[in-house]
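Chemist: Got a structure here, written out as structure tokens. Questions coming.
Each reported figure results from applying straightforward, stated rules to the coordinates on display, with no laboratory input. Keep in mind that this is a model prediction, so the values were computed, not measured. No Cβ is skipped: glycine too gets one built from the backbone with ideal geometry, and neighbour counts run over all protein chains shown.
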């Protein structure tokens, strides 16, 4: 009798397909699982060092002592005079006297011709100028569009206002240009190792409009090029903050683009800080309530914009920072790197607002917040920086509504010791991590849109991936590929055995039913 074979070609095909389904699904899960890339190495972050140099510190102290001496003599003068130098001072000083109207360089050239010369078609200042309280000095492009300040290995000139006022006034058509001049080279002084000319106000006012200022300054702080400093305390008097407005000007190739210390209420608009040796724009201790809007900082040897140590209630709006060797923007408490001073404890900078700024291609962070409370980082565009926004040193901050793209390490990086940090409504694209936290309690995350990153979230250095059984299986098989082979080797016989057991049981039940019937 002919018996039909139970193993037909269709049944064989179905069986083989069934046997291959499990290994195939597992292999698909393993292939589709994308493991996080390794974190990038350290940033190409090598800002110009600012180590103290005793010789340069001594040169600054010499100039400050000379300024105090001449300011004391000016009170006894009936008219401006040329005060000869006292050892070790290298050049004489023009001492102005208080009066209601401003002095101009044209007037001083007529009164004191020995204090001036010419260089490359410009007025050459051969002496320092001291502007005491009650006196005003105007350098105007209408009469003196080009001013050079003697600056060489033999000595350099300065303009220092102690309570007085200085105004550099140009126009859009004719900016006033102030620079150093080295007669030995017949060009601007580029050697900062023996000191260099600078502009400084103590507790007074300095306004700059439509000016180009370059190749000034050395050392750190007050002698860094163009500086505003609160007046020196006298007895129990804490001194007065410096102030002034600066707009539509270019400050380049100085030691610092601009520096302030204990200044208040300054307005900085539409200026460019470029190619300075150190910082582009550096407000320091107790520089408060500034409005900084529409400025550009690029190509500087350190940070583009930095508010450091106890700088409060400042607004930075619609500025641009790019190609700086440090951070684009920084709010600092004075404890990091060379900002740290063992003799002075950190001073947090509080309640500062960074709104609508653009930072790109900086070696460090687009925006760095180190210490302080109440910092708002809102609606900024941060592209191709090592980190988009970094928060550290017990800082409390709101990071909201920013567009962050192509960061090397993380879109937002919150380091240990942070305060109350809220990260919300940011769009983060590309880079290694969308958000990196030291711990799960590092920040509150709300409604951030993260895409195109290797891992959306890193906590304590560990990438966090989406959960789910398929993702778990894929992750296991991705890192244990031999397991897939063993599943296939053992799985096929196991499935065949189970199938045979089921069929044997089914036939046994059928035979029992036949007997019973």
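Chemist: Rounded, prolate or oblate: which one fits segment 283-333, using the alpha carbon gyration tensor with axes a ≥ b ≥ c (rounded when a/c is under 1.5, else prolate when a/b beats b/c, else oblate)?
Modeler: Oblate.
Chemist: Mind giving me the FRET efficiency for residue 87 and residue 464? R0 is 45 Å, r the Cβ-Cβ distance, nearest 0.05 is fine.
Modeler: That pair, residue 87 with residue 464, gives E of 0.10.
Chemist: What does the convex hull of the alpha-carbon atoms of segment 190-299 project to on average, in nm²?
Modeler: 6.6 nm²
Chemist: I'm a student and want to see the number: the projected area of the Cα convex hull of segment 48-249, averaged over all directions, in nm².
Modeler: Mean shadow area of the hull around the Cα atoms is 11.7 nm².
Chemist: How far apart, in nm, are the 7 Å Cα→Cβ label points at residue 424 and residue 143?
Modeler: About 5.8 nm, to one decimal.
Chemist: Turning to a different aspect of this structure: Where the centre of each part is set by its Cα atoms, how far does segment 236-292 sit from segment 348-390, in angstrom?
Modeler: A separation of 19 Å, based on Cα centres.
Chemist: OK, next. Can you pull the one-decimal nm distance between simple spin-label points at residue 355 and residue 65, each 7 Å off the Cα toward Cβ?
Modeler: 4.8 nm
Chemist: Next question. Can you tell me the FRET efficiency between residue 185 and residue 451 if r is taken as the Cβ-Cβ distance and R0 is 60 Å, rounded to the nearest 0.05?
Modeler: 0.65
Chemist: Which ordering of 159, 389 is given by a fewest-first count of other beta-carbon atoms within 10 Å?
Modeler: Going from sparsest to densest Cβ surroundings: 159, 389.
Chemist: Please list the equivalent ellipsoid semi-axes of segment 106-166, computed as the square roots of five times the alpha-carbon gyration tensor eigenvalues, in descending order and whole angstrom.
Modeler: 19, 15, 10
Chemist: At 7 Å along the Cα-to-beta-carbon direction for both residue 51 and residue 232, put a label point, then send me their distance in nm to one decimal.
Modeler: 2.9 nm
Chemist: Taking the highest mean first, how do the peptides 168-174, 193-199, 136-142 order by number of other beta carbon atoms within 10 angstrom per residue?
Modeler: 193-199, 136-142, 168-174
Chemist: Can you sort 212, 167 by how many other beta carbons sit within 10 Å, fewest first?
Modeler: 212, 167
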